[in-house]
Amino acid sequence: MKIKKGIPLIDQHDKNGFYGGKFGGNYIAETLKKPIDDLTKLFEKCRKDKNFIKERDNLYENYVGKPTRLIKLQNLTDHLGGAQIYAKMVSDANGGAHKIYNAITHAMLCKKAKKKYMCTDTGAGYNGKMFSMVAKKFGLGCKVFMGTRDIERQKPNCDAIRKNGAEIIPVTSGSKTLVDAVSECIRYWVSNCDKAHMGIGSLVGPNIFVKICGFSTAQISRELKIQLEEEFGEIPNKLKLINCVGGGSSAYGFWSEFFDYDKKHIELIGVEAGGPKNSKLHAAPLSKNSKIAILHGAAAYCVQDSDGQINETESCSSGLDYPSCSPIHCFLKDVGRARYTFATDEEAFAAYKLVTELEEISPSLEPAHAFAEAIKIAPKLDESNIVVVDSCGDSIKDMDIIKKRLGSYSR
Amino acid sequence: MKSEINLAFEKCKKENRPALLTYTVAGDNTKKKSLEILKSISEYADILELGFAHNAPTADGPQIQNSSYRALKNGIKLKDVFQIVKNYKKSKNAKPCILMGYYQMVYRYGEKKFVKKCKQSGVNGLIIVDLPFPDNKEFSKLCKKNSITFVQLLSPTTSKERMRKIIASSHDMVYYISMLSITGGKLKVSPKKILENYSKIKRISKSKNAVIGFGITNKTIAAFKKADGLVVGSALCKGISDSIKKRQNPVIKLNRMVKELKSKII
């Protein structure tokens, strides 16, 4: 098992859609075989089509706003007294998170497929929000599947989704979170695959959805590479790129230009949700060495019991509260290209507090997990080390949770 | 030697009627009751499908989901599922039994171990919802080696060319999904249209036992009499839910329901 240089990682699967021979695949009902084949053909055609790419780049520039900023967190750097800490402010993107990139590609594909509406899942609400935004822009209908537990805790994004004219379909089965929302969205697609286009909100699902998502979020690291060269004159030779990992869509996008570098040169660190300190539940299948399970059409490390039932997860951050992870991250873990760790709820809140006190930024609880790791390692490193954290979401959606937990919330 | 599944179809053909296949979930609503249900409905059903519950089902509607969650809440494990089949197959009127579920459960248990355990327990066939052709080739072979019928699924989205390949590699039975739907959906296509699609399968292989499932209830079943076999699942799962709600015995309720279904196809 090895990464091939010079080929996008999303394309390094075998003919059955497996990365490293065992992660990913297409575990789907017969009914979805054809819609998925059709979507695969369409996507492969479009990504080679210059006009398609031109239209996409135009949207990234004028609609998403590119590039999102790379800023130095001088106060945090001084406070910790070690490595220089930077943040890639992906939350600058229109809508407030990286989910916009994937949503745009899906809306463009939906149009090309001549379908009138899209269905998607959401946990933190950002994916739902972005799909609702682009649906509105493209004149498409949009159905967003969301667990009722997440509807309660991510109200600002739900309001935005409804305001954009999309429909939220509450999911009450199972743990009422992202895992159930994805299942319900797939079930909906099984019944409506002739009319609806499905977009999965992260780097998970049957192979084609992993590819579309990675193809889209890769914009983040294309920008970052240029910005690093501008800031330092070259790619710094002790660079650490820290990203939170739930499904792993932003992490893939943040890292995709850098897989070919030696890990001693550019270290990739993924931070999963460790859940509350005193809880046995977590959403960290990679860093807590879960076994492989087949979930939502793909084989990947996943928290499960000995009989194969998917375990409940717990995290303060809806966007990371998912029992499985992307096949690509499983592959990166097994080949040793990325290192995965976790931050507890408590560490994420503490990181949020410190970062917002010292800096003029306000990351959501998902990237707060990544900041927690930066805060842990920066003091141990000297200033020749550059740490870049992907601040992939804005905290406004977590207003209620933060207020409850820390007593107040201000921007 | 002919398989039990084949013999069941032959018997029905002689009686000039489709085979009646039922689907219930192992452990719904308890391990004991689900075994009693199997024994009781064997009076009228020809082949029994038994679901092994998984908590992230991507192709099941609310009725089967309810049954699955009920079974899981009552602590059903795979070892119990096998035990239920084993006990059922010892009963005097035992019919062929097909286990149905998601690949994750098989994968976690280990393919070889799973199939071996099926054989030991007397399982006659397997339906794995999310292991489509051609990815199922190896597993299907493994089943065949152990005299277990691997049931291939076909749907309205399956192209003719693909259908041909799937049927060529199929065993004693194929399963036609009547419409674009999860289980338990309302029949949104006319029986005439469904039978038209179904006849494509029969044109490819006249002798292949092909059953129709999804959207079949006591209201719609009579319209499909021409098929080799018909599967009723969600309606029965709902029957169990209803009888629990009314504090009635689901065994009696299901026996009545299956009796009525049978009466409509003879």
(request) Considering only residues that are part of a helix (DSSP H, G or I), within 10 Å of chain A (Cβ to nearest Cβ) and of a type outside the set (A, V, I, L, M, F, W, C), look in segment B:69-79 and name the one that is surrounded by the fewest Cβ atoms within 10 Å (Cβ to Cβ). (result) B:LYS79
(request) Please give the number of the condition A:LYS137 fails out of (1) surrounded by 22 or more Cβ atoms within 10 Å (Cβ to Cβ); (2) closer than 30 Å to A:GLU152 by Cβ. (result) (1)
(request) Inspect all residues belonging to segment A:323-331 and state whether any of them is free of Cβ contacts under 8 Å to residues at least 12 places away in the same chain, outside any strand (DSSP E or B) and in the same structural domain as A:LYS263 (by TED's automatic domain parsing). (result) no
(message) Condition check: within 14 Å of chain A (Cβ to nearest Cβ), touching a Lys or Arg at 6+ places or on another chain (Cβ under 8 Å) and not basic (Lys, Arg). Does B:ASP60 satisfy that?
(response) yes
(request) Just name the residue that is farthest from A:GLY393 (Cα to Cα) out of those in segment A:63-94 that are of a type in the set (Gly, Ala, Ser) and crowded, with 24+ Cβ neighbours inside 10 Å. (result) A:ALA87
(message) I need the full set of residues from segment A:1-20 which are within 14 Å of chain B (Cβ to nearest Cβ) and over 23 Å from the mean Cα position of the chain (by Cα), in order please.
(response) A:ASP14, A:LYS15, A:ASN16
(request) Quick one: which residue in A:GLY139, A:GLY199 is under 20 Å from the mean Cα position of the chain (by Cα) and farther than 24 Å from A:ALA284 by Cβ? (result) A:GLY199
(message) Among the residues in segment A:181-189, are any within 13 Å of chain B (Cβ to nearest Cβ) and over 23 Å from A:LYS33 (Cα atoms)?
(response) no
(request) Please list, ordered by first then second residue, the pairs with beta carbon atoms under 6 Å, 6 or more apart or interchain, first in segment A:284-308 and at the interface with chain B (Cβ under 8 Å from one of its Cβ atoms) and free of Cβ contacts under 8 Å to residues at least 60 places away in the same chain, second assigned to a loop (DSSP other than H, G, I, E, B) and not aromatic (Phe, Trp, Tyr). (result) A:ALA293/A:CYS302; A:GLN304/A:ASN311; A:ASP307/B:LYS77
(message) Restricting to segment A:339-360, name every residue that is buried (at least 21 other Cβ atoms within 10 Å of the Cβ) and aliphatic (A, V, I, L, M).
(response) A:ALA343, A:ALA348, A:ALA351, A:VAL355
(message) Take the conditions hydroxyl-bearing (Ser, Thr, Tyr), out of contact with any Leu (no Cβ under 9 Å at 6 or more places or on another chain) and within 14 Å of chain A (Cβ to nearest Cβ) and apply them to B:THR183. Does it pass?
(response) yes
(message) Can you say whether B:PHE133 is under 28 Å from B:ARG164 (Cβ atoms), away from chain A (no Cβ under 11 Å) and surrounded by fewer than 24 Cβ atoms within 10 Å (Cβ to Cβ), as far as the supplied structure shows?
(response) no
(request) Run B:ALA59 past the list (1) modelled with pLDDT of 95 or more; (2) part of a loop (DSSP other than H, G, I, E, B) and report the number of the one that doesn't hold. (result) (1)
(request) Please identify the pairs in which a residue from segment A:262-281 that is within 21 Å of A:ASN311 (Cα to Cα) and in contact (Cβ under 8 Å) with a residue 12 or more places away in the chain has its Cβ atom under 6 Å from the Cβ atom of a residue that is in a strand (DSSP E or B) and β-branched (Val, Ile, Thr), counting only partners at least 6 apart or on another chain. (result) A:VAL271/A:THR341; A:GLY274/A:THR344; A:LYS277/A:THR344
(message) So in segment B:136-167, with the set limited to residues that are surrounded by fewer than 21 Cβ atoms within 10 Å (Cβ to Cβ) and more than 14 Å from chain A (Cβ to nearest Cβ), which one is nearest to B:ALA210 (Cα to Cα)?
(response) B:ARG164
(message) For segment B:120-130, which positions are outside any helix (DSSP H, G or I) and more than 8 Å from every other protein chain (Cβ to nearest Cβ)?
(response) B:GLY122, B:VAL123, B:ASN124, B:GLY125, B:LEU126, B:ILE127, B:ILE128
(request) Just give me the residues in segment A:21-35 being more than 9 Å from every other protein chain (Cβ to nearest Cβ) and crowded, with 24+ Cβ neighbours inside 10 Å, in sequence order. (result) A:PHE23, A:GLY24
(request) Kindly indicate whether any position in segment B:207-226 is under 22 Å from B:ASP135 (Cβ atoms), crowded, with 17+ Cβ neighbours inside 10 Å and within 13 Å of chain A (Cβ to nearest Cβ). (result) yes
(request) Please tell me if B:ASP242 is of a type in the set (Asp, Glu), touching a residue at least 24 places away in the same chain (Cβ under 8 Å) and touching a helix residue (DSSP H, G or I) at 6+ places or on another chain (Cβ under 9 Å). (result) no
(request) Could you check A:ASP121 against (1) outside the structural domain of A:VAL210 (by TED's automatic domain parsing); (2) surrounded by 21 or more Cβ atoms within 10 Å (Cβ to Cβ) and say which number it fails? (result) (1)
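This table checks each residue for (1) assigned to a helix (DSSP H, G or I); (2) more than 10 Å from chain A (Cβ to nearest Cβ); (3) at pLDDT below 95.
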site: B:LYS86; (1), (2), (3): yes, yes, no
site: B:LYS92; (1), (2), (3): no, yes, yes
site: B:LYS95; (1), (2), (3): no, yes, no
site: B:LEU99; (1), (2), (3): no, yes, no
site: B:TYR107; (1), (2), (3): yes, no, no
site: B:LYS113; (1), (2), (3): yes, yes, no
site: B:CYS118; (1), (2), (3): yes, yes, no
(request) Can you give me the number of residues within segment A:289-314 that are assigned to a strand (DSSP E or B) and in contact with a Leu (Cβ under 7 Å, 6 or more places away or on another chain)? (result) 2
(message) Here is a list: A:SER202, A:SER221, A:SER191, A:SER216. Which entry is among the polar types (S, T, N, Q), surrounded by fewer than 24 Cβ atoms within 10 Å (Cβ to Cβ) and under 17 Å from A:LYS99 (Cβ atoms)?
(response) A:SER221
(request) Mind listing whichever residues of segment B:4-53 are more than 19 Å from B:LYS90 (Cβ to Cβ) and among the small types (Gly, Ala, Ser)? (result) B:ALA19, B:GLY51, B:ALA53
(message) Please count how many residues of segment A:256-274 are under 17 Å from A:ASN385 (Cβ atoms) and not in a strand (DSSP E or B).
(response) 6
(message) Tell me yes or no: at least one residue of segment A:294-315 is aliphatic (A, V, I, L, M), more than 26 Å from A:ASN157 (Cβ to Cβ), in the same structural domain as A:SER249 (by TED's automatic domain parsing) and more than 17 Å from the chain's Cα centre (by Cα).
(response) yes
(request) Take segment A:229-255 and flag every residue that is assigned to a loop (DSSP other than H, G, I, E, B) and surrounded by fewer than 24 Cβ atoms within 10 Å (Cβ to Cβ). (result) A:GLY233, A:GLU234, A:ILE235, A:PRO236, A:ASN237, A:LYS238
(message) Here is a check on your reading of the model: is A:ASP382 under 20 Å from the mean Cα position of the chain (by Cα) and either closer than 20 Å to A:ILE269 by Cα or in contact (Cβ under 8 Å) with a residue 24 or more places away in the chain (or both)?
(response) no
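The values are calculated or read from the model by the stated rules, or taken from the named source; none is laboratory data. Model, not experiment: these values are computed from the prediction. Every residue, glycine among them, receives a Cβ derived from its backbone with ideal geometry; neighbour counts consider all protein chains shown.
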